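Nothing in this text is a laboratory measurement; each read-out follows from the coordinates by a stated rule. Bear in mind that the values here come from a model prediction, so they are computed numbers and not experimental data. Cβ placement follows ideal geometry from the backbone for every residue including glycine, while neighbour counts extend to all protein chains displayed.
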Amino acid sequence: MDQTPPGTATRRGRRDAERARRAVSIRPTADLRLTRFRADAGASRVAVPRPSTRRRPVLATLTMAFVAVVTVVTTIPVNSLLTPADLAQAIAPESIVTDIQPQQLGEVSGGADVPIARDGYSVTSLRQQLAAVSAGRPAAFTNNPSGTIQWPFAAGVPISDQFGPRVLCDTCGVTMHRGVDFLPGRGAPIQIIADGVVRYVEESDDGLGVHVIVDHQINGRLVSSVYCHMEFGSVAVSVGEPVRVGQLVGIVGDTGFAFGPHLHFEIRLDGTENVDPVAWLTENAG
């Protein structure tokens with residue numbers, strides 16, 4: 001005998017029918033699909049969401065459109081985006097110079113009233129240099145500045161030791177002095193006695209010290225003049241150089257075997273025979 005209360009079967013039936021109807025109406029959507037996995041024979045069914053494949057064509061379309069836009073922008077010349085007026089202004093020069101006036105010279109007034117400043121440059125002759133160094137010492141000779149043969153100084157200076165035998169010290173004995181010693185003072189300019197050619201130059205602190213030998217042809221004979229004991233670095237000529245009378249040869253010093261600043265001067269006939277320089281110059285210097 002059925003003990004189910006009246007109306008119960010009716011309500012249960014309606015409920016079961018509603019569930020069946022809902023189960024039939026459920027369909028998989030485009031955004032959600034169910035993938036079934038079976039772990040074993042009695043495993044329950046599990047629903048796992050999978051991404052939709054409908055979005056891929058849209059993304060690919062957008063990427064291709066972006067690439068096309070970039071390609072077009074980078075290949076179009078900049079000038080194609082400008083108007084003709086903009087192009088004309090861009091290529092026009094920055095400025096146009098017109099009405100250029102020719103250069104003109106204006107008048108300078110007051111030129112005669114402007115003082116002219118001149119430097120203090122002056123030329124000092126060997127005679128003037130010698131006078132400044134010798135300080136008015138008594139002269140042993142007179143030089144002719146226009147002569148073809150002159151003394152080794154532009155003006156007269158004192159002479160100490162003469163040509164010939166001499167005694168330098170108590171224990172030195174007698175020696176032969178092969179020249180003459182002039183005493184114009186340290187730094188006095190020495191001049192060449194006649195035209196010639198420089199044969200020898202030596203920078204030394206022994207014997208004759210810094211000295212120069214010049215060869216001359218005088219009256220058809222070789223005459224050599226020798227200038228000794230000059231200052232280091234003062235030689236103003238070089239070997240093989242043609243020289244003129246009155247030309248600077250060097251400066252008085254005390255290099256080599258010397259007891260003080262002086263010029264030891266020699267005259268050698270035929271290049272080797274020493275004669276008295278004072279006697280020879282007295283005879284030949286004009």
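Here are some notes:
- Nonlocal amide H pairs with Glu241, under 5 Å, H built at 1.01 Å: Val198
- Residues whose amide H falls under 5 Å from that of Ala155, counting only those 5 or more places apart or on a different chain, are absent, with hydrogens built in the peptide plane.
- For Ala188, distant residues with modelled amide H under 5 Å away: Val252
- In this calculation the C-beta distance from Ala65 to Arg21 is compared with R0 = 45 Å, giving a FRET efficiency of 0.45.
- Think of the stretch 137-284 as having a plus end and a minus end, set by charges on the Cβ of Lys, Arg, Asp and Glu; of Ala154, Gly173, Ser234, Ala154 sits farthest toward the positive end of this dipole.
- Vicinal HN-Hα couplings computed from phi for the stretch 188-205 (Karplus, 6.51 cos²θ - 1.76 cosθ + 1.60; Hz; Gly/Pro x): 5, x, 9, 10, 7, 7, 6, 4, x, 9, 6, 9, 8, 9, 9, 9, 8, 10
- Direction-averaged projected area, Cα convex hull, the stretch 137-284: 8.3 nm², rounded to one decimal.
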